[in-house]
Amino acid sequence: MTLSSIVALFQNDPQHKLNDQVLLDYLSSVAVIQDAAIQKRLLAELIREYVILERKVEGLLKNTLPETVANEIKHAGSFAPRPFDCTILFSDIVAFTQLAERISGAVLVELLDNLFQGMDDLVIRFGGTKIKTIGDAYMAVFGAPLAYQDHARMAVRTGMAFLTLVDSLNRQNDQHLQIRVGIHSGAVTAGVVGKERMQFDIFGDNVNIASRFESSGETGKVNVSNETYVRTRDYFEFVERGEIALKNKASMKAYFVAKER
């Protein structure tokens, strides 16, 4: 029954004896229909907002963690620690304290941002995973959380590309930025740590050794361990350094990367 037909009934029934109930029934039906429509609109809006929120959370998770790790956490609820054979790269700015003293904080942050963004792009290009930055230090891993055979070669190529990147930034910004790069290959355990800010990280003595190869390197050079050298000597030319002292470690053979074959 339409509203016009109800009006016609009222016009033909001045006492409204019959039509009062008809009107109540009509209004009740309209209310039910409107309630259902409102509920549908509210449900559709809630679903839309949920999808938007889920995409934002997923985006933040994948921006914080490697995509494969984020997907595993999303579907399995966690990322169980597991071993990897990989190559670890460390890079550090030489004389960073003196650099920070002679330029403003804003310029320093912009310089680091440009450097680290460039490093991020190179790590991705060569199949690596950024682990973290600590001050002026940059850490990446190749061969985890996605395992592949050629990780040592990719890490060395990345280290060489880091040096080229720094030269380019210096020409653009009239700076004299210099870095060291250290690389070592071996077994690690990878996992996700933290609750409020989860972080994918790698652990083991080989991580410490890689860090020592960075600190025992020289400005503008890529310093690699014997393990990395053995895995990559068919692809690069090296300058042998002999055994070098490593802080809190026994001396180990080291090589500077000369060029790619």
### segment 229-250, subset of a type in the set (D, E, K, R) and free of Cβ contacts under 8 Å to residues at least 12 places away in the same chain, residue surrounded by the fewest Cβ atoms within 10 Å (Cβ to Cβ)
243
### Message
When you check residue 191 against the structure, is it out of contact with any helix residue (DSSP H, G or I) (no Cβ under 8 Å at 6 or more places or on another chain) and modelled with pLDDT of 95 or more, yes or no?
### Response
yes
### Task
Restrict the check to segment 117-130 and report whether at least one residue is surrounded by 22 or more Cβ atoms within 10 Å (Cβ to Cβ), in the same structural domain as residue 226 (by TED's automatic domain parsing), in a helix (DSSP H, G or I) and modelled with pLDDT of 95 or more.
yes
### Message
For segment 196-206, check the following and say yes or no: at least one residue is over 19 Å from the mean Cα position of the chain (by Cα) and either surrounded by fewer than 17 Cβ atoms within 10 Å (Cβ to Cβ) or assigned to a loop (DSSP other than H, G, I, E, B) (or both).
### Response
yes
### Message
Restricting to segment 70-95, count the residues that are touching a helix residue (DSSP H, G or I) at 6+ places or on another chain (Cβ under 9 Å) and in a helix (DSSP H, G or I).
### Response
4
### Query
If you go through segment 210-218 one residue at a time, do you hit one that is of a type in the set (Lys, Arg) and under 26 Å from the mean Cα position of the chain (by Cα)?
yes
### Message
Suppose we filter 144, 152 for residues that are crowded, with 17+ Cβ neighbours inside 10 Å, in a loop (DSSP other than H, G, I, E, B) and assigned by TED's automatic domain parsing to the domain that holds residue 181; which single one remains?
### Response
144
## Note on the structure
Log entry, pairs with first residue in segment 86-99 being among the acidic types (Asp, Glu), second being surrounded by 19 or more Cβ atoms within 10 Å (Cβ to Cβ), beta carbons closer than 7 Å, six or more apart or on different chains, reads 92/136; 92/179; 92/180; 92/214
### Task
Output the number of residues of segment 83-109 satisfying the condition of being more than 20 Å from the chain's Cα centre (by Cα) and either within 16 Å of residue 176 (Cα to Cα) or not assigned by TED's automatic domain parsing to the domain that holds residue 175 (or both).
14
### Message
Can you find a residue that is crowded, with 17+ Cβ neighbours inside 10 Å and of a type in the set (Asp, Glu) anywhere in segment 158-172?
### Response
no
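The values are calculated or read from the model by the stated rules, or taken from the named source; none is laboratory data. Just so we're clear, the structure is a prediction, and the values are computed from it rather than from any experiment. Cβ atoms come from the backbone with ideal geometry, glycine included; neighbour counts cover every protein chain shown.
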